[in-house]
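All remarks here apply to the structure that follows.
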Amino acid sequence: MGLLDRIGVRSPWILHFDTGSCNGCDLEVWALLTPRYDVERFGGVNRANPKQADILLITGPVTKKCEDRLRNLYEQVPEPKLVMACGNCASTGAPFHNCYNVCQGVDKVIPVDVYVPGCAARPEALIDGLIKALSMWEEKARAAREVKG
Amino acid sequence: MSRTTIIPIGPQHPAFLEPLNVSLELKEERVVGATLNLGYNHRGMEHALSLDYKKSQYLVERVCGICSNHHSAAYCQTVEAIYGVEVPERARIIRTITMECQRITSHLLALGHIAEVVGYENLFMQCFRERELVMRLVNEITGNRVHYSTNVIGGVKRDIDAAMERRIEDVMSDLRPRLEELHAIFSRDSTFVKRTKGIGKLTREQAIDWCVVGPVARASGVAQDVREDGFAAYDRVRLRPVVREEGDCYARTMVRMDECLRSVDLIEECLPLLKEGSVVLSVKGHPSGEGISRVEAPRGELMYYVKAIGKLQLDRVKIRTPAFVNVPAVQAMLPGARLADVPVITVSLDPCICCTDR
């Protein structure tokens, strides 16, 4: 494995998108970026550009109006990509079960790799989910490189 | 060259935390018009809340995570008004303490956000570092960081014991010098002042025309604060509303910064008021009748209307959130501004799209 490969798989860029969340999980995602939890030490950086993102971090139960926008963002993210659903409502739509304007979870719209439970998801749970996502993404990125040769 | 260009910003944009779409009409670098497109966050909360009034005590916090405790306090006050019961005094003081704690976290979030938008990442980190102190304190008081779930119809679920009172005192005395340090940076730092002073003006007349509330109104010289009506325990403490006259982004930021310090004062004033007593009152039967209640959320006046029909279901829950009236006022502030200042102006309103759309 070359030097670039090793650096590349260690620093994915994260794209955060709110698809109708109550901001509870968003607050905790912001808390992750700041001094006490600081996820940058694991290599992930929050950048709001889908074209350069590797991990798509979604909060919220996906409202009908956000559905197409989310699909659009997902298609813009280059392969290999990974989707992380943060919080109960992104995972299952739970608190907003049977509400007329929600799609009941991110996995009804795009495929999801990591689910983080909690309402709102606690920063510790989010870090745990992110570590899982990072190791999964590392595998995916390595596999993609091997195919390319 | 007088052709206008239309630039859409959002729903996914680095400056906005939440999905919000603004179509800007530009003449070269100047904004001449702005159209808001909302509704990305509409979940149908008012319908969901009217399904079960008991479960709604907790669901109502999911309207907005930043001012969750204010939402549940307003809802519980409304249902208590329908029952016609008086909440125990100790519970009212505990509600006031948690509401003021949440005001500090919400304002520090808004301050951090505007610091990041003007490009001062270090200050953003500092705001969030101090905010984390209050988040951890609230976690100890109520057991949760975001949705406290501590307000119930008739009082609060968790009491504050003597050890916790001391802990709150300690955290507040630790927090005060830190907030004063932040205050000095926000008021004097040239990087910040140059980006915000004179930007996004909202005159007193415009503020009244657009019906803005909360810190946005108070920064434009409209001295309006629902806390003066004395809900919860606000009739027992000394309120000193922060009012400024300038009406620009700087004034709005400084109003929030001053209010953080006032909140620390209020919490310290509330603690000695705590007298022995119960914290929850049991109510019997399903509510029946109409009720209305207002609280001062971090973003301004929050109003609840509930119509109960003596069943588990409610006939109607109507929520009028502060962001719902503040966000459209961006259309009055943007014309005449430069394109580069648009994120600063929008964020200085402290927009909360989940409140606006519900």
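The values are calculated or read from the model by the stated rules, or taken from the named source; none is laboratory data. Just so we're clear, the structure is a prediction, and the values are computed from it rather than from any experiment. Neighbour counts run over all protein chains shown; Cβ positions are idealised from the backbone, glycine included. Side chains included, ligands, DNA and RNA excluded: accessible areas come from the protein's heavy atoms. Shrake-Rupley method; radii C 1.70, N 1.55, O 1.52, S 1.80 Å.
Please calculate how many Å² of accessible area the protein assembly as shown carries per residue, with a 1.4 Å probe and no DNA, RNA or ligand atoms counted.
The answer is 39 Å² per residue.
To the nearest 20 debye, what is the magnitude of the charge dipole of the stretch A:3-144 about its Cα centre, counting +1 on the Cβ of each Lys and Arg and -1 on the Cβ of each Asp and Glu?
Value, rounded to 20: 140 debye.
Normalising by the residue count of chain B, find the relative contact order in percent from Cα pairs under 8 Å and 6+ residues apart.
Dividing the mean separation by the residue count of chain B yields 26 percent.
B:ARG236 to B:ILE292: FRET efficiency via 1/(1 + (r/R0)^6), r the Cβ-Cβ distance, R0 25 Å, to the nearest 0.05?
0.65
Output the direction-averaged projected area (hull surface divided by four) of the convex hull of the alpha-carbon atoms of chain B, in nm².
Taking a quarter of the hull surface, the average projection is 17.3 nm².
In percent, how large is the relative contact order of chain A, given Cα pairs closer than 8 Å and 6 or more residues apart?
The value is 25 percent.
Output the relative contact order of the stretch B:1-114, whole-number percent, from Cα pairs under 8 angstrom with separation of 6+ residues.
Relative contact order comes out at 13 percent.
Looking at the protein assembly as shown only, what percent of DSSP beta bridges run antiparallel? Nearest 5 please.
The answer is about 70 percent antiparallel.
Taking 7 Å along the Cα-to-C-beta vector as the label spot, tell me the B:ASP52-B:GLU228 distance in nanometres, rounded to one decimal.
Those two pseudo-labels are separated by 4.2 nm.
Over 36 Å, how big is the tail of the calculated P(r) for the protein assembly as shown, in percent of all Cα pairs?
30 percent
For the stretch B:287-352, which trypsin sites (Lys or Arg not before Pro) are both in a DSSP coil and crowded by at most 16 other Cβ atoms within 10 Å?
B:LYS311
Could you work out how far apart the two model spin labels at B:SER173 and B:GLU25 are, taking each label as a point 7 Å from the Cα in the direction of the beta carbon, and quote it in nm?
5.9 nm
Could you list which residues have their amide H under 5 Å from that of B:GLY33, counting only those 5 or more apart in sequence or on another chain, with H placed in the peptide plane?
Those qualifying (amide H under 5 Å, at least 5 residues apart or on another chain) are B:GLU25.
Amide H neighbours of A:ASN46 under 5 Å, at least 5 residues apart or on other chains, H built in the peptide plane: list them.
A:ILE14
So for chain A, what percent of the C-alpha to C-alpha distances run longer than 27 Å?
19 percent
Quick one: work out the % antiparallel among DSSP beta bridges in the stretch A:3-144, nearest 5.
5 percent
Efficiency by 1/(1 + (r/R0)^6): what FRET value for B:LYS197 and A:ARG71, r their Cβ-Cβ distance, R0 = 45 Å, to the nearest 0.05?
0.60
Calculated FRET efficiency, A:ILE131 and B:ARG166, Cβ-Cβ r, R0 35 Å, to nearest 0.05?
Plugging the Cβ-Cβ distance into 1/(1 + (r/R0)^6) gives 0.45.
Largest first and in whole Å, what are the equivalent-ellipsoid semi-axes of the stretch B:178-286 based on the Cα gyration tensor, each being the root of 5 times an eigenvalue?
33, 20, 10
Starting from the 7 Å offset along Cα-to-Cβ, what nm value, one decimal, do you get for the label separation of A:GLU79 and B:LEU273?
6.3 nm
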